[in-house]
1. Considering each residue of the range B:50-72, count those that are surrounded by 18 or more Cβ atoms within 10 Å (Cβ to Cβ) and at the interface with chain A (Cβ under 8 Å from one of its Cβ atoms), and give that number.
2. Within the range A:133-164, track down each residue that is part of a helix (DSSP H, G or I), closer than 30 Å to residue A:69 by Cα and in contact (Cβ under 8 Å) with a residue 60 or more places away in the chain.
3. Considering only the range B:177-196, how many residues are under 24 Å from the mean Cα position of the chain (by Cα) and in a helix (DSSP H, G or I)?
4. Can you tell which of B:226, B:238 is assigned by TED's automatic domain parsing to the domain that holds residue B:160, in contact (Cβ under 8 Å) with a residue 24 or more places away in the chain and under 24 Å from residue A:127 (Cβ atoms)?
5. Exactly one of these conditions fails for residue A:100: (1) surrounded by 16 or more Cβ atoms within 10 Å (Cβ to Cβ); (2) within 14 Å of chain B (Cβ to nearest Cβ). Give me its number.
6. In contact with a strand residue (DSSP E or B) (Cβ under 9 Å, 6 or more places away or on another chain), within 23 Å of residue A:46 (Cβ to Cβ) and within 14 Å of another protein chain (Cβ to nearest Cβ), is that true of residue B:234?
7. Does residue B:255 satisfy the condition of being within 25 Å of residue B:27 (Cβ to Cβ), out of contact with any helix residue (DSSP H, G or I) (no Cβ under 9 Å at 6 or more places or on another chain) and either assigned to a helix (DSSP H, G or I) or not assigned by TED's automatic domain parsing to the domain that holds residue B:174 (or both)?
8. Identify all residues within the range A:51-85 that are buried (at least 18 other Cβ atoms within 10 Å of the Cβ) and away from chain B (no Cβ under 11 Å); write none if there are none.
């Protein structure tokens, strides 16, 4: 992931792009490479300013039981039809293991029982979808920081990647299901945040399939698409460039911002 | 746009040199036009974002069954019907809202393709444009604010005096009769302009920026007071939409006033700064 900020070249390209804007249609400008790099620069600026402004440990607002949404809307995959996943559902996830690997001192393989035996955190938080709506739910799970400290993060690691069980139908008939597999990545600042948890319970009950059973991420200072569901393995990497489309997530590969705090 | 003409000025009883007045300072002109570009693109990309979930709610969370406002499409015996609901009142808005033409196809979309950026449904690109131009708008506004305070522009040009405030009613009637100030009286914004610009600069734009920030889950963790101020994230989204609509209304009135009070004179003064004061009406000179 390139985190370069507004560079002189970008600014010059920006001026050219804005000039072009007046002459041609917005749709054409939107897909022109110079304008894309300007849009990336704006997202980098947002990331940098929010990181400076918010600080690493500020908590997202937490709510009361009375605020919980009666009907929490599931989004993205809600009923994965991938065979391996359906087999896990059949056995109530008894065969499921969370694998932690990549740039770690010790690889981990944890069952749902083992995860449930670790110290848990419960939080009632607001889930903001990129589409604009919000729902409030109660989540219980293991802080990601706890899992990462057990695995031992190697100093060269920069991103935590969540690989998921679901593949999405993106409208294009892809031959390779791996090309539509859901995945997400976050930086180590968010990974260490106390509200960043691997949730197995929602509103006091085990996660249901529409909400990402058996395990989903809660990342309370960013939008819903960052919060991977159906997590199978967690990988620590130096760069996300070699994964799938190279932009750090399923939706990021399809044009959405990697930093979704806005 | 031509600069101050130097020939063929008709002879009037009012001295020629006094008719040309430098009405707008350069910072006002530059920030005005940057603002025009930013607001246009923010509006169009904002409507693209709205189209991803065309419903507004009150409170922190979305009560999907009871939106305060929504734009929907549904299938009836006569085909696709666009329905706009505001506070429980429904209107058939087929053709514009809910159902409209997109590239020759009748399609389900809240706002039509000719007011969104991009024209086709693409939330990701809409968001990226929105945030880019939001940055430009905020930087432009900061420049304008700093200059406006340092140069006394706000105090001198926008703040109405007690005397001017007393003329609101008279000024309003004059506007209705399409009689606009000329001569020395046209050197200053009239009191209706002052009030409108103060509302836009110090109420509507700040509201847009603050409610926009309140929708950011990142900002909410840094400044949770914003949620208290606006009554929750979904209310902030509703206020963002209503305020944007108010700004559109302002722009329409602004357009009409520019057109009917001398379009070339107004445009020239906002581009070059020079405004033709014309001959004062006898009633304007004391």
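The values are calculated or read from the model by the stated rules, or taken from the named source; none is laboratory data. This structure is a prediction, so every number in the text was calculated from the model and none was measured. Counting neighbours? That spans all protein chains shown, and the Cβs are built from the backbone with ideal geometry, glycine included.
1. 8
2. As a first pass, look at the range A:133-164 and keep what is part of a helix (DSSP H, G or I): A:144-151.
Retained after the next criterion (residues that are closer than 30 Å to residue A:69 by Cα): A:144-147.
The answer is A:144, A:147.
3. 8
4. Details: B:226 fails: in contact (Cβ under 8 Å) with a residue 24 or more places away in the chain.
On inspection, the qualifying residue turns out to be B:238.
5. (2)
6. On the way: in contact with a strand residue (DSSP E or B) (Cβ under 9 Å, 6 or more places away or on another chain): yes; within 23 Å of residue A:46 (Cβ to Cβ): yes; within 14 Å of another protein chain (Cβ to nearest Cβ): yes.
Yes; evaluated as a whole, the condition is true for this residue.
7. Values: within 25 Å of residue B:27 (Cβ to Cβ): yes; out of contact with any helix residue (DSSP H, G or I) (no Cβ under 9 Å at 6 or more places or on another chain): yes; either assigned to a helix (DSSP H, G or I) or not assigned by TED's automatic domain parsing to the domain that holds residue B:174 (or both): yes.
In short, yes.
8. Residues satisfying the conditions are A:76, A:77, A:80, A:85.
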